[in-house]
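The next block holds one structure in the form of structure tokens; read it before the comments.
Here, each number is a calculation from the coordinates, and none is a lab measurement. Treat the numbers as computed from the prediction; the structure is a model and nothing was measured. Virtual Cβ from ideal backbone geometry, glycine too; neighbours counted across all protein chains shown.
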Amino acid sequence: MPGSWRIEKLKSTSRMRGLVFRMVAVFFGLIVAGITLGGLGFQPVSMGVEALAYTLGSSFGLQDLGALVTPLLLTGLAAMIAMRARLWNIGGEGQFYMGAWAAAGVGIHFSGPSVVMLMAMFLAGGVMGAIWIALPAYAKVKANVDEIITTLFMNFIAILWVGYFAAGPWRDPNEIITASSLEIRHALPEWFGFLNIGIFVALVVIVLSWILLTKTVWGYEASYAGSNPDSARYAGIPTGRRLMTVMLLSGAVAGIAGMIEISGTVTRLQVGISSQFGYLGIVIAALAAGSHIGVIVAAVLTGILLNAGIIFETQGLSLNAVVALTGWLLLLVGVAQVASGYRLTRMRPAPGGQASTWN
Amino acid sequence: MRRVTKTFPGVLANDDVSIEFRKGEIHALLGENGAGKSTLMNILTGVYRQDSGEILVHGKSVTFASAADAIVAGIGMVHQHFKLVKAFTVAQNLHLGWERTPRRISHDQMNRSALELSGKFGLDMKPDACVGELSAGAQQRVEIVRVLARGSQVLIVDEPTAVLTPYEVDNLFRVLRRLKESGRTVIFISHKLEEVLNISDRVTVLRRGKVVATRDSNAMDARKLANLMVGRDVIFDRMPRYDAPAEDKYEVLRLDDVNAAHASGAKALSDVNLSVASYEILGIAGVAGNGQRVLTEVIAGVHGVTSGTISLGGRDITGLTAGAVAESGVGHIPEDRLKSGFAGDLPVSTNSVLRVYRQEPISAGIWYRHDQAVEFAEKIVKEADVSTPDVHTPLRNLSGGNQQRLIARRECAISDRLLIAAYPMRGLDVGAVERLRKMIMGRRDAGAAVILVSEELDELLEMSDRIAVLSQGRIVGVLDIADASLERIGMMMGGRKLEAGL
């Protein structure tokens, strides 16, 4: 067909190109969102400026942002670790809850110096997160059972499990309105006066993960096994073991996120502690495209969006509209990321003519 | 077809091919894998366009811009891997993408029209059966009816018997003969000699993209065909080699009564006994799919055995992991390089160090040293003459030939004792073949044992010191190169036991 358009996959794509595409996407998304808000009678520009100024320009704002970014860093990392090995951990939400549950259990039932207690809770959270993905991981490795489905199902169990403990055995009798557990007295110390050290712990975990995945023989084998299991078997890499460990690690990181949440931002175990952090982590991992720095950037971006959303809510925008706005922007960024790997080419029938190209 | 030529980057797939297919004949197209049969048929059905030459239908030159044009001109193809939608019924498949299918049609109408077609062409089938549940033979009938329904006067059947039971083959042949009697032309693609002799009126033999000859099938026998197919007229030169003194030669690899099964449980290797010595290339000949793949994988430790022992340098290595086998000095060029040899999405550097990443200097203890990996990769990329912008490029972006050179270099580098090479030259151009042959011969002359699997008999004769012929998972015979001839191997490949006086 003369002059028809064709989408062509690029052989290689630069990081810069991806960055530009994503920035254009955010810009475009904000304009559309602004027009929509304007149409609804809001003042989008002043609202946006105000939200940003509050989030980034005040210590309260930064505190709120830190509380959102910390769990997102870890759940994003959890999903990203799995993705690097071509595995999907949709169960971050459940592992988050179970990590929080285990940490709360330790905090409620044992006593000791805070440093020891916090370390024990940290360990309990990580181990529990790993336990919560162990069954899906084993089924995946042994029988190739789709981990997308199994990890997802484990979430529902985890949420009900936590609900039972918060409303039953661990319930604080003084709490009447919401079912929540006794207060956990061991809180993470504060940092700079307004951030708890959870965010620091999260960053350390990211650095450790980066070292493990990119600087060790184990990381080489894990990423190779994930990328092409057949070829890994050909090379004698213990493929099943590596993939199993990757998944356990992914679960542990999400569990740690739950532990930090319970000992930092929230101090009681209750349903709703996660605010979808597990699922948002998948989005963050997808945006990060396998890069550790990418996880940090995407988690901060998502945190800003969520925080701005909370502020918009106080200004009368409904929660649903806020969620839609957040989803809209993240969707566009995701599309831009994929689109940066392609270009539009016009097929010209003219003999010997070069195909003209639109980037 | 007149003077058709088609090249792909680095490969001359069809070279000045002229064939005349007549009305009312079954014309067999015979050739080894890679001889250019598929390319030629893709040109004839409008999938590819020839670089030069022309296609004439009833004496008139035609140009096919697409596969649809070829169908309009009455040329249809029954593919080896059926192009049917498994989840659809027979009737739905027949009506799919057919311009005569009305926009709206009820199931009953479709079934009726399918029955009509089946009656018209004399091929019985159940219109409402789901295609995925049918036997291969029944699926093939659906595919044939679909092609015929679109008005094909020329029917191309590509390796139609590969998936059929003997009974189904008889049925198919009856159908093809009936089509011929109704005045249609059948182009029958195969590399099975007996079959071609049985069904065809005339036969054209292709070799390395060229027509070797077109003959009346009556005037041929299996031996003459084998000669044509593998190319008697080609002068084959034995590659020069180092003749090691007898005391330096020792048995490197030994297989005793090795049996192995496919994942499905079907038998893949039956009682295989083999021995390969240092300073020796053992060629493995056979029609593709007769156990070559499992044989190489069993030796490399990728595939398990059900019984028997494999020993390397006198040590029992049966059941060792692939990694352990590789570390004892065994290189393995697998037959599907992108599927098992590489992780295509990862960079060239990561793929280059697959065999050495556990060793210094690529790693130090638990640490993987990326900069050392890059250096190593740059070295072997240069040695193997791989063209790539840099070693950070995903491996998938390399051309097939470059991938092949890279893996050959990587595997040769670790094969101190044994190199297993499955179809290493497949898809390479002449120059690259030459270099790779030298590389493999270099391993042999350095004292390694080499197992070379190939479907090019010339190649085996030029390179091997002995040749073993595989047929249906059995070693039919092992020939010293002095006793080996194209005819003999060709006959054995067809499953005939080594006979005296042949």
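Things worth noting here:
- Lys/Arg +1, Asp/Glu -1 at C-beta; the protein assembly as shown dipole; positive extreme among B:A65, B:L479, A:P113: B:A65
- Considering only alpha-carbon pairs that sit under 8 angstrom and 6 or more positions apart, the relative contact order computed for chain B is 15 percent.
- Pairwise FRET efficiency - A:E175 versus A:K215, Cβ, R0 = 60 Å, nearest 0.05: 0.80
- Exceeding the 26 Å Cα-Cα cut-off - candidates B:K37/B:K224; A:K142/B:K267; B:K224/B:K339; B:K83/B:K339: B:K224/B:K339
- Between amide H atoms placed 1.01 Å from N, distances below 5 Å from B:I333 occur with B:I420, B:A421, B:A422, all of them 5 or more places distant or on a separate chain.
- Evaluated with a Cβ-only charge set (Lys, Arg +1; Asp, Glu -1), the protein assembly as shown carries a dipole of roughly 1880 debye about its Cα centre, given to the nearest 20.
- Residues A:T75, B:T388, sorted so that the one with the fewest Cβ neighbours within 10 Å comes first: B:T388, A:T75
- Computed over region A:68-316: relative contact order in percent, which uses C-alpha pairs under 8 Å that are six or more apart: 41
- The mean number of Cβ atoms from other chains found within 10 Å of a Cβ in peptide B:337-344 is 5, as a whole number.
- Cα-based shape type of chain A, given that a ≥ b ≥ c are square roots of the gyration tensor eigenvalues and the cut on a/c is 1.5: oblate
- Dipole moment magnitude, nearest 20 debye, chain A about Cα centre, only Lys, Arg, Asp, Glu C-beta charged: 1580
- Distances between placed amide hydrogens fall under 5 Å for A:V145 paired with A:K140, all partners being 5 or more residues away or on another chain.
- Under the Karplus curve 6.51 cos²θ - 1.76 cosθ + 1.60, θ = phi - 60°, whole-Hz ³J(HN,Hα) for region B:448-455, x wherever Gly or Pro sits: 7, 8, 10, 10, 10, 9, 8, 9
- Table column - 3J(HN,Hα) (Hz), region B:322-327, Karplus curve with 6.51, -1.76, 1.60, x for Gly and Pro: 4, x, 5, 5, 4, 5
- Which of A:M83, B:M239, B:M425 has the fewest Cβ neighbours within 10 Å, and the rest in rising order: B:M239, A:M83, B:M425
- Each residue of region B:49-63 is assigned a 3J(HN,Hα), and the resulting list reads 10, 5, 6, 8, x, 9, 10, 10, 10, 6, x, 9, 6, 10, 10 Hz, derived from the Karplus form 6.51 cos²θ - 1.76 cosθ + 1.60 (θ = phi - 60°), x at Gly and Pro.
- Cα gyration tensor shape for region B:123-177, rounded if a/c is under 1.5, else prolate or oblate: oblate
- Region B:247-307 and region A:247-315: distance between their alpha carbon centers, rounded to Å: 53
- Taking the fewest neighbouring Cβ atoms within 10 Å as the starting point, the ordered list for B:M492, B:M220 is B:M220, B:M492.
- Inter-probe distance in nm under a simple model that places probes 7 Å from Cα toward Cβ, at B:D221 and B:L96: 4.6
- Amide hydrogen neighbours beyond the local backbone of B:T306, cut-off 5 Å, H modeled: B:N259, B:A260, B:A261
- Residue ranges B:130-140, A:102-112 sort as A:102-112, B:130-140 when ordered by packing (mean number of other C-beta atoms within 10 Å per residue, highest first).
- Choice from A:G294, A:G198, A:G76 showing the highest fluctuation, given a GNM over chain A with Cα pairs closer than 10 Å: A:G294
- The residue list B:N259, B:F188, B:A277 was ranked by how far each Cα lies along the charge dipole of region B:167-287 toward its positive end, using unit charges on Cβ atoms, and B:F188 comes out on top.
- Global geometry of chain B, whether rounded, prolate or oblate, following the gyration tensor of its Cα atoms and the 1.5 cut on a/c: prolate
- Under the convention that each Lys and Arg Cβ holds +1 and each Asp and Glu Cβ holds -1, the size of the dipole of region B:250-493 around its Cα centre is about 460 debye.
- Positive dipole terminus of the protein assembly as shown, leading residue within A:G264, A:Y97, B:F82 (C-beta point charges): B:F82
- Cα convex hull volume per residue for the protein assembly as shown (Å³): 222
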